[in-house]
Amino acid sequence: MSPASSRRPPQTYRTFDVASAREQPLVSLLREGDLLVVNDSGVLPASIHARTPDGRTLELRLLEAPSGHQMRVVALGAGDYRTRTEDREAAPQVAVGEMVHIGGTPAFIETIDMRYRAVWTLRSSRPALGLVYDHGRPIQYAHVPSPLHLWDVDTVFAGEPWSVEAPSALFVFDHARVRHLRARGVRFAALTHAAGVSATGDAALDAALPLAERTRIPPSLVDAVHTARAEGGRIIGVGTTVARALEGTVHQYGKLQACDFNNTYRLGPSAPPQVLDGMLTGVHEPGTSHFELLQAFVPRDQLLKARALSQHYLSHEFGDTWFVSATKPRVPLQATRP
Amino acid sequence: MNVLITGGSKGLGYALAETLGTQGARIALVARTEAPLTEAEGRLRAQGIDATAILGDVAHKEDIHRIVGLAHAALGQLDLVIHNAATLGPSGPMPLLGDLECEAFEHVLQTNVLGPFRLTKALLGKLSLQPGARVVFLSSDAAVHAYPGWGAYGVSKASSDHLMRSFAAENPEVQFLAFDPGEMDTEMHAAALPDTDRVSLRRPNDVARWIASALARPIASGTRVEVTL
């Protein structure tokens with residue numbers, strides 16, 4: 001009955017230090033005064049089984065946290081997590097005003113996106129978040145053999161359930177590691193960023209990812225960044241969602257400030273990070289936007305060397321970790337908007 | 001201040017919701033039975049209190065993320081978590097340990113020990129990032145003294161006290177406390193000792209006010225506090 005843990009224990013995650021081009025324990029990569037910025041959003045049970053009145057089954061994946069009686073989803077056809085998302089059947093053709101059932105609860109299709117026909121807005125007769133918790137489960141991955149429960153994908157800092165997939169760079173942390181790092185004088189501070197879907201099965205929509213994602217920067221984070229900077233500590237982002245949140249904020253407002261907005265910023269090599277001195281991040285392939293982003297911290301040849309030396313590392317959501325810290329001079333924090 | 005209270009539809013849980021809510025706190029109330037929960041939410045709202053009802057049973061591992069997710073969605077962040085939900089186990093009369101069904105003991109531990117453990121575990125990291133975050137456990141005299149018939153409950157409350165102390169030892173960023181409220185005029189007390197003269201019992205409202213004022217004073221994390229009225 002109880003869900004088994006499908007996740008690796010954090011101590012088995014390997015950390016590769018790109019600057020020194022070798023594997024190093026996480027705790028030795030960070031020093032007193034460093035600030036680790038984490039995404040404290042919780043993970044939604046964003047995969048919801050539904051059926052049409054004529055009995056066809058489909059999977060609804062939340063695109064963002066539900067609001068009131070409404071949820072925005074991408075619909076996938078029959079099949080489950082054992083099939084790669086790209087190979088799944090297309091969702092049934094539906095029209096606005098038609099109904100699907102989630103458990104015993106009807107939900108009406110209120111809108112269908114003009115460009116991406118599998119993107120729907122649903123209105124349910126019950127508050128949508130409770131419905132999602134009653135009938136949803138985490139988005140599953142074809143490379144993970146047993147079904148994942150929320151206990152497997154929640155991170156140690158999880159708070160408000162905004163994310164539809166886990167900010168997975170945080171999987172490297174358990175409470176023991178956090179405690180160890182705190183004892184060494186490393187500090188933690190949080191922002192909240194709604195990590196979106198990684199795949200939808202719709203090629204055109206996948207090419208448009210990431211969609212706009214909500215970012216909230218609390219005043220405590222702004223203070224923590226300024227304090228760490230003033231005391232000579234480095235600002236290390238845990239995961240690309242943190243990078244998108246911080247850099248998107250600077251892009252939007254011209255500086256790091258407390259805010260809550262719909263973040264459309266795209267990370268890339270052309271815009272060097274204004275806030276971060278480094279990142280803990282998954283292992284990425286050359287050519288991906290994540291890989292290109294890391295060139296903002298270290299030269300490309302160093303990244304390629306790291307990739308070659310960490311060939312045996314696991315990528316994906318439950319993969320290993322790279323520590324990438326800046327070797328270039330830092331851009332001032334209070335940079336004004338171009 | 002944002003407060004999550006389990007077992008919030010009746011007794012001390014409801015009294016704490018009303019007391020803290022009247023002082024301006026926003027409340028998320030958790031209970032496992034819908035009708036009294038909805039009624040409690042309505043009574044709090046009628047007093048102008050920002051209250052949200054969350055249906056869930058802390059004894060069920062599967063309910064924990066639902067509780068945590070809905071509470072965070074309603075309140076943003078939680079500043080105070082009160083583990084008030086508890087079960088006495090079989091009553092009328094309360095069986096001696098030798099007569100207690102094994103499954104009945106398991107259920108008492110699921111509700112009174114593992115429930116608060118799981119809920120705290122799911123909230124812990126986030127609470128540790130918020131200066132001043134607190135987690136309160138409800139204790140009992142039965143945690144300290146052994147009485148015939150109170151074995152399962154007493155063991156669960158002694159365990160809950162030590163759970164509180166252990167969390168406190170491991171997490172200096174969060175304040176953990178336990179309060180022993182004494183004998184109160186509640187449904188649980190009536191089930192345990194139906195012949196008691198109710199006038200001799202403490203009223204949940206008085207205990208809730210005492211706890212609310214104690215929470216306003218500095219107390220070392222890991223302390224078990226006896227309510228003195």
*asked:* As a test question: what accessible area, to the nearest 10 Å², does B:Leu80 have when a 1.4 Å probe is rolled over all protein chains in place?
replied: 0 Å²
*Note the full-extension length gain between B:Glu170 and B:Thr22 as 0.36 nm times their separation in residues minus their Cα-Cα distance, in nm to one decimal.*
50.0 nm
*Arranged from highest to lowest average of other beta-carbon atoms within 10 Å per residue, in what order do the peptides A:30-36, A:177-183, A:298-304 appear?*
A:30-36, A:177-183, A:298-304
*Protein accessible area in chain B, 1.4 Å probe - carbon and sulfur %*: 53 percent
*In deg cm²/dmol, rounded to 500, what helix-only [θ] at 222 nm does chain B give when every DSSP H run of at least 4 residues adds -39500 (n - 2.57) and the total is split over its residues?*
-13000 deg cm²/dmol
*Go from 0 up to the bin containing the longest alpha carbon distance in the range B:18-107, width 10 Å each, and give me the % of pairs per bin.*
15, 39, 27, 16, 4
_In order through the range A:45-62: 3J(HN,Hα) via Karplus (6.51 cos²θ - 1.76 cosθ + 1.60), integer Hz, x for Gly, Pro_ = x, 8, 9, 10, 7, 9, 9, 7, x, 8, x, 6, 9, 8, 10, 9, 10, 4
*Can you tell me the dipole magnitude for the protein assembly as shown around its Cα centre, using point charges on the Cβ only (Lys, Arg +1; Asp, Glu -1), in Debye to the nearest 20?*
1660 debye
*If eta is 1.567 mPa s and T is 4 °C, what Stokes-Einstein diffusion coefficient results for the range B:37-77, Kirkwood Rh from Cα pairs, in µm²/s?*
117 µm²/s
*Mind checking which lysines have their Cα closer than 23 Å to the Cα of B:Lys157? Skip sequence neighbours fewer than 8 apart in that chain.*
B:Lys10, B:Lys61, B:Lys121
*Using modelled amide H (1.01 Å from N, peptide plane; none on Pro or chain starts), what sits under 5 Å from the amide H of B:Thr52, excluding residues fewer than 5 places away?*
B:Ile27, B:Ala28, B:Leu29
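Only four residue types carry charge here, +1 at the Cβ of Lys and Arg and -1 at the Cβ of Asp and Glu. Report the dipole size of the range A:147-298 about the Cα centre in Debye, rounded to the nearest 20.
Charge dipole, the range A:147-298, about its Cα centre: 640 debye, nearest 20.
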*Quick one: Cα convex hull volume of the range B:136-195, Å³ per residue?*
77 Å³
_From the phi angles alone, apply the Karplus equation (6.51, -1.76, 1.60; θ = phi - 60°) to the range B:84-93 and give each ³J(HN,Hα) in whole Hz, x where the residue is Gly or Pro._
9, 4, 7, 10, 7, x, x, 9, x, x
_FRET efficiency, 1/(1 + (r/R0)^6) with R0 25 Å, evaluated for B:Ala190 and A:His49 via beta carbons_ = 0.05
*A:Ala208 to A:Ser220: extension gain in nm, 0.36 nm per residue of separation minus the Cα-Cα distance?*
1.1 nm
*Using a simple charge model, +1 on the beta-carbon of Lys and Arg, -1 on the beta-carbon of Asp and Glu, nothing else, what dipole does chain A show about its Cα centre, in debye to the nearest 20?*
680 debye
_Distance from the range A:15-63 to the range A:71-124 (C-alpha centre basis), Å_ = 24 Å
*What is the P(r) of the range A:215-288, as percent of Cα-Cα pairs per 5 Å bin from 0?*
3, 15, 26, 28, 17, 7, 3, 0
*So what's the net charge close to B:Pro194: Lys and Arg +1, Asp and Glu -1, counting the other residues with Cβ under 15 Å from its Cβ?*
-4
*Using label points projected 7 Å from each Cα along Cα→Cβ, tell me how many nm separate A:Arg31 and B:Ser91, to one decimal.*
6.1 nm
*How much space per residue, in cubic angstrom, does the convex hull of the C-alpha atoms of chain A take up?*
139 Å³
_Report the rotationally averaged projected area of the range B:61-122 based on its alpha-carbon convex hull, in square nanometres._
5.1 nm²
_Rg over Rh, two decimals, the protein assembly as shown (C-alpha only, Kirkwood Rh)_ = 0.99
*Which value, in Å² rounded to 10, gives the accessible area of A:His69 with a 1.4 Å probe and all protein chains present?*
70 Å²
_Phi to ³J(HN,Hα) by Karplus 6.51 cos²θ - 1.76 cosθ + 1.60 over the range A:171-176, Hz, x for Gly, Pro_ = 4, 5, 9, 10, 5, 5
*What is the calculated FRET efficiency for B:Ala146 to A:Thr105, with r their C-beta to C-beta distance and R₀ = 35 Å, to the nearest 0.05?*
0.10
*How many times 2.2 N^0.38 Å is the alpha carbon radius of gyration of the range A:258-305?*
1.26
*How big is the range A:118-253 on each of its three principal axes, counting only the C-alpha atoms and giving the largest first in Å?*
50, 36, 31
*Could you please put B:Arg134, A:Arg137 in sequence from largest to smallest accessible area, using a 1.4 Å probe?*
A:Arg137, B:Arg134
*Add +1 for every Lys or Arg and -1 for every Asp or Glu among the other residues with Cβ under 15 Å from the Cβ of B:Lys157, and state the total.*
-3
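Quick check: convex hull of the Cα atoms in chain B, volume per residue, rounded to a whole Å³?
Per residue, the Cα convex hull of chain B comes to 119 Å³.
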*At 0.692 mPa s and 37 °C, Stokes diffusion of the range B:173-212 via Kirkwood alpha-carbon radius, µm² per second*: 286 µm²/s
*From other protein chains only, count the Cβ atoms within 10 Å of every residue's Cβ in B:57-66, then give the mean.*
4
_What number does the range B:11-66 give for Rg over Rh if you use C-alpha atoms and the Kirkwood radius?_
0.99
*Debye sum, Cα scatterers, the range A:138-212, no solvent: what log₁₀ I/I(0) at q = 0.16, 0.18, 0.28 1/Å?*
-0.73, -0.87, -1.37
*If each of B:Glu39 and A:Glu98 carries a label point 7 Å out from its Cα toward its Cβ, how far apart are those two points in nm?*
4.5 nm
_Normalised contact order of chain B, rounded percent, pairs of Cα under 8 Å and 6 or more residues apart_ = 19 percent
*Please name whichever of B:His107, B:Leu123, B:Gly7 sits farthest to the positive end of the charge dipole of the protein assembly as shown, dipole taken about the Cα centre and charges placed at Cβ: Lys and Arg +1, Asp and Glu -1.*
B:Leu123
*Taking the Cα-to-Cβ direction at A:Arg115 and at A:Ser270 and moving 7 Å from each Cα, how far apart do the two end points lie in nm?*
1.7 nm
*Which Rg and Dmax, in Å, describe the Cα atoms of the range A:30-79?*
17.8, 61
_Rounded FRET efficiency, nearest 0.05, which uses the C-beta distance separating B:His162 from A:His143 and R0 of 51 Å_ = 0.80
*5 Å binning of all Cα-Cα separations within the range A:4-96, expressed as whole percents from 0 upward*: 2, 9, 13, 14, 13, 10, 10, 10, 8, 5, 3, 1, 0
_Tell me the relative contact order for the range A:249-303 as a rounded percent, counting alpha carbon contacts under 8 Å between residues six or more apart._
31 percent
_Helix-only [θ]222 nm of chain A, DSSP H runs n ≥ 4, -39500 (n - 2.57) each, per residue, nearest 500_ = -6000 deg cm²/dmol
*Computed over the range A:186-338, Cα set: Rg, Dmax in Å*: 15.5, 47
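The values are calculated or read from the model by the stated rules, or taken from the named source; none is laboratory data. A quick note: this is a predicted structure, and the numbers were derived from the prediction, not measured. Positions of Cβ are backbone-derived with ideal geometry, glycine not excepted, and every protein chain shown enters the neighbour counts. Ligands, DNA and RNA are excluded from the accessible area calculation, which covers all protein heavy atoms including side chains. Shrake-Rupley method; radii C 1.70, N 1.55, O 1.52, S 1.80 Å.
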